[in-house]
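The values are calculated or read from the model by the stated rules, or taken from the named source; none is laboratory data. Model, not experiment: these values are computed from the prediction. When we count neighbours, we look across all protein chains shown, and the Cβ atoms used for this are built from the backbone with ideal geometry, even at glycine.
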Number of protein chains: 2
Amino acid sequence: MEPHPPLMVALPCPSTPAAKRPGPSFCRIVFVGLACLLTMPNRSLSASAPSVAVVPLPAEIQSAEGRLEITGKFAVAILGARDARLDAAVARALRRWEERTGLVFPRLPSGPYAISGDAKTAALTIEIGAASPQWPRLGEDESYTLDISAGRAVLKAATTVGAQRGLETLLQLLQSDAQGWFVPALSVRDHPRFPWRGLMIDVCRRWQPVEVIKRNLDGMALAKLNVFHFHLSEDQGFRIESKKYPRLQQYGSDGLYFTQDQIREILAYAADRGIRVVPEFDIPGHAQSWVVGYPELASAPGPYVIERNWGVFDPVLDPTKEETYQFLEGFLGEMAALFPDEYFHIGGDENNGVQWSANPRIQAFIKEHNLKDNEGLHAYFNRRVQAILAGHGKKLVGWDEILHPELPKSAAIQSWRGAEGLAAAARAGHPVLLSNGYYIDQLEPASVHYLNDPLPAGAPLSAEERKLVLGGEATMWAEWVSPETIDSRIWPRTAAIAERLWSPSEVADVPDLYRRLDYVSRRLSEAGLRHIAYREPMLLRYAGDRATPETLAALRELIALGKPILCYTRTQLSPRDPQYLALTTLADCMAPDPQPARVFVLAVEDVLLGHAAPATLEPSFASWRSLASRVKAVAQNAGPRAGELSALADQLAEAADCGAEIVARLASSSQGDQAAWYDALKPRLAKAEQPQGYAEIPMIASLRLLAAAAREQGQRGDLTPEAWRAHLQTVAFPKKNP
Amino acid sequence: MEPHPPLMVALPCPSTPAAKRPGPSFCRIVFVGLACLLTMPNRSLSASAPSVAVVPLPAEIQSAEGRLEITGKFAVAILGARDARLDAAVARALRRWEERTGLVFPRLPSGPYAISGDAKTAALTIEIGAASPQWPRLGEDESYTLDISAGRAVLKAATTVGAQRGLETLLQLLQSDAQGWFVPALSVRDHPRFPWRGLMIDVCRRWQPVEVIKRNLDGMALAKLNVFHFHLSEDQGFRIESKKYPRLQQYGSDGLYFTQDQIREILAYAADRGIRVVPEFDIPGHAQSWVVGYPELASAPGPYVIERNWGVFDPVLDPTKEETYQFLEGFLGEMAALFPDEYFHIGGDENNGVQWSANPRIQAFIKEHNLKDNEGLHAYFNRRVQAILAGHGKKLVGWDEILHPELPKSAAIQSWRGAEGLAAAARAGHPVLLSNGYYIDQLEPASVHYLNDPLPAGAPLSAEERKLVLGGEATMWAEWVSPETIDSRIWPRTAAIAERLWSPSEVADVPDLYRRLDYVSRRLSEAGLRHIAYREPMLLRYAGDRATPETLAALRELIALGKPILCYTRTQLSPRDPQYLALTTLADCMAPDPQPARVFVLAVEDVLLGHAAPATLEPSFASWRSLASRVKAVAQNAGPRAGELSALADQLAEAADCGAEIVARLASSSQGDQAAWYDALKPRLAKAEQPQGYAEIPMIASLRLLAAAAREQGQRGDLTPEAWRAHLQTVAFPKKNP
């Protein structure tokens, strides 16, 4: 499997248990995510202009009086270093507004938008210091200012890319009321907190075609992400054309790979949006698809086939043969010439060493060269690869495992393992990137990722070491996504990570994030992402031809309420599901961050802290029960889906019954044996949270907390809200075998 | 404007008025479409297996006892002339079933589906006579037989393409119940009625990128259409790369054109699906985009710009200069080499002659060459172009206007003008294609197109002339479609045209068509068409950020009830709306064939013929009134959309009030002055049918008919249902100035 971090990351959330490998239960993750939501100091809307729904939130934003009306006369002027890239960015921005408003903005007779150099007649003036270079670079100045008054908007930036970031902010500010379209008067001073803000997409385990990449680059630009990490080779697929070694794609891809022309198209598309592209070729492990066409590269005799399952596999390149380095010199040289970025990712994770240990010649090589063990051999391999890439002008990036005392300081470490690995690499003088905590493929709530800071206040790093923390990357591993579902697994949650990496560390109000995510989700949909569009067709297909309007209505509601189980759990439940399994289940229709569960968490919080009566939760239970009975009824005509729908409906009804019982217990002053009651309830809740069709009911974690409160009723004494909450969490989620 | 036929086509529907140019009112069109639905002899489900929802309906289909279970063991064998194209078609078919069912069908260890040559172990056996040629040809044998029993399915065809058509039938037969997935036992003998079954897409007026073309080719294959007519040049855009004359695309396309590599990709994609590609370069008129880069080709001095509006424009190639023919020899030769089909479309429509008449040199040329007039000059031009294309091995196709005594008999005529033009061309010995009546861009109901037969029973043609009727083509002109909406304007209605062109002429049961279209619509969505997926995102954007769940619910219902006005009317209402106007209005969210209106038409029919009491309509009016009040309420927070939503709500409420009043009048035996009452009602209905935001309430036509019945109450006497219906139609829709 790809580098998968421990699930329970060290969040800056006082009640979060320490990092721990996932057990068979997934409820704790939901709990962690939602619990963070509970423990935020401020649940009110953001103090900044409440009508502003920009993500990432700018560094400084000041409201002012008035508004800039947006009409068909909205004209743009560019002063300073006007370039084609900025013109194109302005055209895209205007087009998006035209599509929202139905307005037609001024055009030249020959067709293009009328962008002038005359600030006097323009509603939007953009002033640029200098044009950005053709290919975006790490550390470019992305800052901008945006001043909007009743008369005009003025966007200023030192560079093209800064102006592009400012344009995305402006785009998100458009609003309407009965008087028409407008942007509120305000003043923005903005710049990113980290210079490396990435999204990795694994196009290998499951193929993702050019259009998926392009629309996600549009989403990245909208969220001000600036690095597309292009994971191009894996055990399950080699996804790029090599002209020097064509058997790589011919034997290793099922015909599903990017031609070099398509790569150039993607590179240009990304650069146009101020996004760097860092290619990853994962070696020496995770390379099974390489050796299908070139078995002589492997550390054990072939033949090999493309891997169709998920996990960590044995095939690994042979680091003892000079032919391997000749091949890599040829191949990496070809790729280094294709990809303009100075960084080049060599993966390096999860080499299990099985083939090396089994090969006497390789073990002899280790001895001969005093490499100590397989790890030493891996470091030797990395030094050779680093030298090859340095020869092509590239700096190296790799996962935690490549960290080794002999690794040149220029090499960057991307940490999937966690804060400790990150700190160790920074202390060793390497630039570092955080991905632990940003594993969006896991389908955790946005809040979990949002509160995961690459550089938290208490990080044990010196000032110099802190400078080495370049940022982070969301990682979209692809075991459980198809081109149809991938957008819904990336967006809008990745915008929360984008905000963590762009906005000041103090911006951490989870409810306000969720409020703004609802808007940015629409903007992403308007930009072409399909996280909203994909759902209805997939639901129709899932529901089947016999579905009545009532069936569809019930399933729509169920899908809005439920959530997919975590990726790990899905793999654990179905370890042999192959690469080509169609992903069209109930769970694939569901969002990772269902709104009703978020609302319920807040309502429970109010009850736990005594801000609301337990009875306020009863309407929720009634609505679950009603939905459960409707789903149960329609399941009878749902053909092959009947079983899982019926089971999920039963669980929802049981959750409602448990909830009602807990509330009744909380509301009643005369109680029996609380512990016995609680122990009898727990297995019912455990049953209600069983996955069905890889879907689950996400409110169970809150019910567990509520049940703990019923059990501990009368025990609060003078505990503070925080201490009381911590106590309830310990009761609800006791640590096993500490 | 592109060749736009008279709207009121001569349908094989006894109550339809004769062909007539459209007036400002659009209700008659709706009426024609829905009236046909009323006048069908059989409103029950198809006599063929009622559970079968295949479109186009096969020539012969016989139900049998039993069913073939579809499980993960579903294996395929190909006997006879197995080729890569059939393998790919089988793989696509299996994949689509995997996506519906979640099953995983047998695969080889190397990845591809396990397709064997062993009939014994296969659940599906395909027997092929001979592999089809690489490029599909007119008149290929597309017949097949499909026999499904409890044990297996056997598909037999003389050719690859026949097997592909049969596979599409099989794909549509998949069903499910509580026992699992299955295909009912049955026996199909099938072949197309016409050999040329086309869809034309205009990629010029509004650009449509490669992915739009590809997914529509998938839709065509599903509906057994076999000709993609690729309309590649227009006043508003030149959409293909010429390497010989690059200024064509450089100056004429805004950068939006297909490279020759992309064209080759599309050609291969189409051929893989058994679809011919016939390119159209519309000359000598409709050529304004050509002369932006090459003004010397025009019949008046330039300079020219790309046209941004809709209509018929003056720029026309100069047929008097030899340089024009040298250019065409070069350009058409380049294109003839690129497109493999034997047919090549030269447009030829709507040359208004203005530049020719104004140019003394051109008029002198007409005299010198005894060409009589501009029309003679056009024929001269066509002869020259025909000679050029013949030199490149191509046969010519053109719109009605190219018909001329000197046109070689090999040239095919595509009739946009109507049955008379079609008959004239056939009588002159030309192969003919019908497009009149298949103008899907108009957004008429599917029933209108469905009942439009290229070769109706009474067609005034000899047996020899009838053989010249090759088929027809649906035409997707592009004034009012974007890549976002185009699928919803093509599908599922074009499947009705596909059935007209494929199935026997007797297959003409409109209600059964609509029943089956609902299923084929889902299959099309599963194949990647976006007519379902596009709606929710567009609605969200239209509704705006302030929309509440209640707003969205009301708008969803309104959008499901209303329909977009006809394309002509939209152009008439907004003649200056430019090419780049965003198409994101309420109307763009609506389907051309709303289901509630279809249901209402049938309910009204029952009342008109005395099969149901007038009061049975009252629940409809109540639901309209309820929806109107909800829309009215939410319109207040709909910002810039408030006006049109509020107006449409008012009209819907007025329609409900009128309906209730009519029903009351029908139900009451004591009546006052019927004529006066009717005259007072008419303007209210006229007001209620006014477009709002290019949308309309489609039930008004039925209300008019119902009002006529109230006016004529007691007058039926012994009129047959047909005669009574005809009488009411005359009352409801009197002809003006006959």
Practice problem: Mind checking which helices (runs of 4 or more DSSP H) fall wholly inside segment A:257-347 and carry at least 2 residues that are farther than 29 Å from residue A:162 by Cα and not assigned by TED's automatic domain parsing to the domain that holds residue A:164? | Solution: A:290-293, A:322-338
Quiz prompt | Total residues in segment A:486-517, condition at pLDDT 95 or above and within 14 Å of chain B (Cβ to nearest Cβ) | solution = 6
Self-check item: When residues of segment B:620-632 are limited to those that are in contact (Cβ under 8 Å) with a residue 24 or more places away in the chain and farther than 19 Å from residue B:706 by Cβ, the one surrounded by the fewest Cβ atoms within 10 Å (Cβ to Cβ)
Solution: B:629
Self-check item: Residues within segment A:98-136 that are surrounded by fewer than 16 Cβ atoms within 10 Å (Cβ to Cβ) and more than 29 Å from residue A:72 (Cα to Cα), tallied
Solution: 4
Exercise. Assess whether residue B:176 counts as being touching a helix residue (DSSP H, G or I) at 6+ places or on another chain (Cβ under 8 Å), over 25 Å from residue B:521 (Cβ atoms) and either within 14 Å of another protein chain (Cβ to nearest Cβ) or in a loop (DSSP other than H, G, I, E, B) (or both).
Key: no
Exercise. State yes or no: is residue B:66 without any contact (Cβ under 8 Å) to a residue 24 or more places away in the chain and either over 25 Å from residue A:292 (Cβ atoms) or surrounded by fewer than 21 Cβ atoms within 10 Å (Cβ to Cβ) (or both)?
Key: no
Quiz item: Just to be sure, is residue B:142 in contact (Cβ under 8 Å) with a residue 40 or more places away in the chain, under 18 Å from residue B:197 (Cβ atoms), in the same structural domain as residue B:90 (by TED's automatic domain parsing) and in contact with a Gly (Cβ under 6 Å, 6 or more places away or on another chain)?
Solution: yes
Practice problem: Sort out which residues of segment A:195-252 are more than 22 Å from residue A:433 (Cβ to Cβ), of a type in the set (Gly, Ala, Ser) and more than 14 Å from chain B (Cβ to nearest Cβ), and write them in order of number. | Solution: A:242
Quiz item: Got at least one residue in segment B:223-246 being part of a helix (DSSP H, G or I) and surrounded by fewer than 23 Cβ atoms within 10 Å (Cβ to Cβ)?
Solution: no
Quiz item: residue A:665 fails exactly one of the following numbered conditions: (1) within 29 Å of residue A:444 (Cβ to Cβ); (2) without any contact (Cβ under 8 Å) to a residue 60 or more places away in the chain; (3) touching a Phe, Trp or Tyr at 6+ places or on another chain (Cβ under 8 Å). What is the number of that condition?
Solution: (1)
Quiz item: Just checking, which of B:581, B:609, B:617 is in the same structural domain as residue B:728 (by TED's automatic domain parsing) and either acidic (Asp, Glu) or buried (at least 22 other Cβ atoms within 10 Å of the Cβ) (or both)?
Solution: B:617
Quiz item: Which one is farthest from the chain's Cα centre (by Cα), of the residues in segment A:179-191 that are away from chain B (no Cβ under 14 Å) and either farther than 23 Å from residue A:472 by Cβ or surrounded by fewer than 22 Cβ atoms within 10 Å (Cβ to Cβ) (or both)?
Solution: A:185
Quiz item: Only one of (1) small (Gly, Ala, Ser); (2) at pLDDT 95 or above; (3) touching a helix residue (DSSP H, G or I) at 6+ places or on another chain (Cβ under 9 Å) is not met by residue A:311, so which one is it?
Solution: (2)
Quiz item: Can residue B:641 be described as within 17 Å of residue B:698 (Cα to Cα) and of a type in the set (Lys, Arg)?
Solution: no
Quiz prompt | Members of segment A:525-537 that are closer than 30 Å to residue A:632 by Cα and either more than 9 Å from chain B (Cβ to nearest Cβ) or in contact with a Pro (Cβ under 6 Å, 6 or more places away or on another chain) (or both) | solution = A:531, A:532, A:533
Quiz item: Of the residues B:664, B:686, B:701, which is surrounded by fewer than 16 Cβ atoms within 10 Å (Cβ to Cβ) and touching a Cys at 6+ places or on another chain (Cβ under 9 Å)?
Solution: B:686
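Looking at segment B:590-612, which of its residues are within 14 Å of chain A (Cβ to nearest Cβ) and over 29 Å from residue A:96 (Cβ atoms)?
Those that are within 14 Å of chain A (Cβ to nearest Cβ) and over 29 Å from residue A:96 (Cβ atoms): B:595, B:596, B:599.
Okay, residues lined up against (1) more than 22 Å from residue B:615 (Cα to Cα); (2) of a type in the set (A, V, I, L, M); (3) in the same structural domain as residue B:569 (by TED's automatic domain parsing):
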| residue | (1), (2), (3) |
| --- | --- |
| B:686 | yes, yes, yes |
| B:690 | yes, no, yes |
| B:699 | no, yes, yes |
| B:705 | no, yes, yes |
| B:714 | no, no, yes |
| B:717 | yes, no, yes |
| B:724 | no, no, yes |
| B:727 | yes, no, yes |
Quiz item: So how many residues does segment A:363-374 have that are assigned to a helix (DSSP H, G or I), of a type outside the set (Gly, Ala, Ser) and within 15 Å of residue A:299 (Cβ to Cβ)?
Solution: 4
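Residues to consider are A:587, A:553, A:615; find the one that is away from chain B (no Cβ under 14 Å) and assigned to a helix (DSSP H, G or I).
A:615
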Exercise. Looking for whichever is assigned to a helix (DSSP H, G or I) and either of a type in the set (Val, Ile, Thr) or within 13 Å of another protein chain (Cβ to nearest Cβ) (or both) here; the options are B:546, B:522. Which one fits?
Key: B:522
Quiz item: Just to be sure, is residue B:568 in contact with a Leu (Cβ under 8 Å, 6 or more places away or on another chain), more than 14 Å from every other protein chain (Cβ to nearest Cβ), of a type in the set (Ser, Thr, Tyr) and assigned to a helix (DSSP H, G or I)?
Solution: yes
Practice problem: Answer yes or no as to whether residue B:525 is among the polar types (S, T, N, Q) and surrounded by fewer than 24 Cβ atoms within 10 Å (Cβ to Cβ). | Solution: yes
